[in-house]
Amino acid sequence: MFHFAEPQTAHLYKISAAMAVVLTVLVASSLAWDVFSVRRHTEELASKEARSLFNKDYAFRLWAAKHGGVYVPIDAETPPNPNLAHIPERDITTPSGRTLTLMNPAYMSRQIMNDFSALFNIRGKITTFPDKLLNPDNAPDAWELAALNAFQQGQAEISEFVELDDQPFLRFMRPLLIEQSCLKCHGVQGYQVGDLRGGIGVYVPMIDYLVAEKNHINVMVLTHGLIWLLSLGAIWAATRRSAAQIKQRLEAEEALRQAQKMDALGGLAGGIAHEINNMLLPIISLAQMTIKDVPDGSRQQKRLEKVVEAGMRAKSLVSGILSFSHRADVDVAKQRVNIVEAIEESLSLLRMALPSTISFETNLDLNTGHIVCDPTQISSVVLNLGSNAADAMAGRIGKITLSLAPVVISEELAQSIGNITPGKFAKLTVSDTGQGIAQQQLERIFDPFYTTKEVGKGTGLGLTMAYGVISQHNGAIAVSSEVGVGTTFTIYLPLVD
Ligand code: HEC
Ligand SMILES: Nc1ncnc2c1ncn2[C@@H]1O[C@H](COP(=O)(O)OP(=O)(O)O)[C@@H](O)[C@H]1O
Ligand SMILES: [Mg+2]
């Protein structure tokens, strides 16, 4: 019935926000970890390929060195190696007259690498320090020189991802040490077994690995994103549902509290009113009887008329309280009427009574339907709400809007409105653009004698009676208000066929 700040809902939103943050952190770190793992996996694969390529190359070299080089037929691509000029029997002739030349391992590797790098997109390199270089073709580049220096320091292998001609490669290099078999040719350079002769390396193209890696990462980003979005959506939906439940519960609690308060107040006020009513009855009727006993136009008669008048005023006040407190003492003449007819009279009265500064607009659904009611009581409720609205805009320009339409009240809505059973209702709203009602006053406006108006202007019974009348008609009255903007009273009255 009333609108309150809801600390419980605020708490709920905080928890949900925290959950969303935790979820985001979890998903992000999972993604980061997966991306890291995939990258590491790619590097492992590439290193493995580099190592196996290297091993194969190395095995060929050792094989060739073990045989002190191998003899091959001389042709345009394979001329005798000038660097082997000091080796006896570098070139030999077979008994049938073919000429063969000795190929040293480096020569062999170089030829293999030259011939097949284009074919398999795999490059290799054999190199050494510039001052020990036999063949200028084997001169090290900056990276290789650094690797050679590292080998000198004892490092067993070097690998690195590099860009070469705009293509990604994994470079891999290992040292070549002098063995007994090498001395046949390299002995003249002053080497001894165990000396660092140079290095041999391979280049593994990374492009295929990187494409696969990228696809893998894309899929992971997509699945993580999807999981993240779905979970966020779930949190959001759950939050909204819980918030709605909290709101509904709070409203139901509030409605119940209000109803209990009104019941208690009604019982008390009604008890007193009933007693006073009983006392007023003899006062008024005895005074009326005595009026007949005294001479017409006499002073006594005039005084007695004042007594009757005051008694009547007291009686109407008391009957107001009684009507609020559900007491049967007030005569209720309930009948089935079109609700439009029931409020018609009050509308024309209001229209006449409102000052010209206040515009009055009605918005009536003429087919709203019928209610069972005492039309005078319903009229007086509308008049009360109208005059309150007018008071709230006193001296200022404003607008009162009165609307009427049928609504179906669900179980849920009935609970939050309080005290009504679900079904078809006539919904009557009276809105004003007045000063509004502060939150802490909203709870009290229906209380008997609660008024913020100056003495003599307000009785504080208007809304009390409205509440009583509407309750007696198995309806409900609700209010929402914003200070400085306006107030809306909503009345629900059960429709009948
Ligand atoms: C049959 C002779 C021969 C044998 C055996 C031999 N080499 Fe060589 N090696 C050469 C020649 C000649 C070169 C000069 C470059 C070329 O011809 O390609 C060379 C070049 C190299 C290079 C390249 C650097 C440069 O100076 O051009 C390295 C490294 C190398 N040899 C290491 C070895 C090792 C290690 C062994 C033993 C496992 C070995 N070689 C066995 C003849 C030989
Ligand atoms: N439309 C309204 N706008 C602002 N305040 C209102 C409105 N209706 C009622 N009130 C507040 O509720 C109080 C109680 O109203 P009511 O029971 O009709 O008694 P009264 O009008 O005699 O003061 C009013 O004094 C006023 O403070
Ligand atoms: Mg009033």
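The values are calculated or read from the model by the stated rules, or taken from the named source; none is laboratory data. Bear in mind that the values here come from a model prediction, so they are computed numbers and not experimental data. A quick note on method: Cβ atoms are made from the backbone with ideal geometry, for glycine too, and the neighbour counts reach across all protein chains shown. We work out accessible area using only protein heavy atoms, side chains counted, and drop any ligands, DNA or RNA first. Shrake-Rupley method; radii C 1.70, N 1.55, O 1.52, S 1.80 Å.
Values computed for the structure shown
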read-out: Residues of the chain: accessible area per residue with a 1.4 Å probe, Å²; value: 56 Å²
read-out: Rounded to the nearest 10 Å², the accessible area of Thr127 at probe 1.4 Å; value: 10 Å²
read-out: Members of Lys399/Lys453; Lys315/Lys427; Lys247/Lys399 lying beyond 23 Å, as alpha-carbon distances in this model show; value: Lys315/Lys427; Lys247/Lys399
read-out: Length-normalised contact order for the chain - Cα pairs under 8 Å, 6+ apart - percent; value: 13 percent
read-out: Backbone N within region 15-36 under 18 Å of label point (7 Å from Thr223 Cα along the Cβ vector); value: 26-36
read-out: FRET efficiency, Asn215 to Asn367 (Cβ-Cβ, R0 51 Å, nearest 0.05); value: 0.20
read-out: Förster radius 30 Å - calculated FRET efficiency between Asp391 and Leu413 (Cβ-Cβ, nearest 0.05); value: 0.50
read-out: CD proxy at 222 nm, helix term only [per DSSP H run n ≥ 4: -39500 (n - 2.57); per residue of the chain; nearest 500]; value: -18500 deg cm²/dmol
read-out: Two-site label geometry, Ser242 and Asp166: point separation in nm, points 7 Å out along Cα→Cβ; value: 5.5 nm
read-out: Table column - 3J(HN,Hα) (Hz), region 123-138, Karplus curve with 6.51, -1.76, 1.60, x for Gly and Pro; value: 10, x, 7, 10, 8, 7, 4, x, 6, 10, 6, 8, 10, x, 4, 8
read-out: Per-residue HN-Hα couplings for region 228-236 [Karplus 6.51, -1.76, 1.60; θ = phi - 60°; Hz; x = Gly/Pro]; value: 4, 4, 4, 5, 4, x, 5, 4, 4
read-out: Potential lengthening between Ala259 and Trp63 on full extension [0.36 nm per residue; Cα-Cα distance subtracted]; value: 60.3 nm
read-out: Largest-first ordering by accessible area, 1.4 Å probe, given options Trp236, Trp143, Trp228; value: Trp236, Trp228, Trp143
read-out: Cα-based helix-to-principal-axis angle, 462-472 vs the chain, degrees rounded to 10; value: 80 degrees
read-out: Mean-position separation - Cα centroids, region 116-136 and region 360-377, in angstrom; value: 102 Å
